[in-house]
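*Asks:* Just passing along the structure, written as structure tokens.
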Amino acid sequence: MLARGFLGGLDVARRALDPRLPVGPAWVTLNLKNRPDEFRVLLGGVISVLPGTLAAASSKGELDVHVLQAEGFEIDSLRTEEARIEKVLTAGGGRTE
């Protein structure tokens, strides 16, 4: 996880400093209405270390995510992280709904 966060930071810095690299920011909203606050906070933390993403707000059962490059971005990558967290919390007896 730490390595992914570091690599993501390098990618953002490269894109900010090199005008040849693509930047096409956008907002993505994940519907998490059936998830407790703790789950949304944990998912937001995980998403924020993914390269080019930042969980910016959580309200009304939704998580707003800023993506640095919208073209080619797959929301399924966020759903994959959601499923991983659910699996870990369920295996550990945590509450996910």
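*Asks:* Name every residue in region 63-79 that is touching a Lys or Arg at 6+ places or on another chain (Cβ under 8 Å) and modelled with pLDDT of 90 or more, in order of residue number.
*Replies:* Once the filter is applied, which keeps residues that are touching a Lys or Arg at 6+ places or on another chain (Cβ under 8 Å) and modelled with pLDDT of 90 or more, region 63-79 yields only Leu63.
*Asks:* Hey, among Leu89, Leu78, which residue is more than 17 Å from Pro25 (Cβ to Cβ), among the hydrophobic types (A, V, I, L, M, F, W, C) and in contact (Cβ under 8 Å) with a residue 12 or more places away in the chain?
*Replies:* Leu89
The values are calculated or read from the model by the stated rules, or taken from the named source; none is laboratory data. Predicted model, so just to flag it, every value in this text is computed and none were measured. Here the Cβ is made from the backbone with ideal geometry for all residues, glycine too, and neighbour counts use every protein chain on show.
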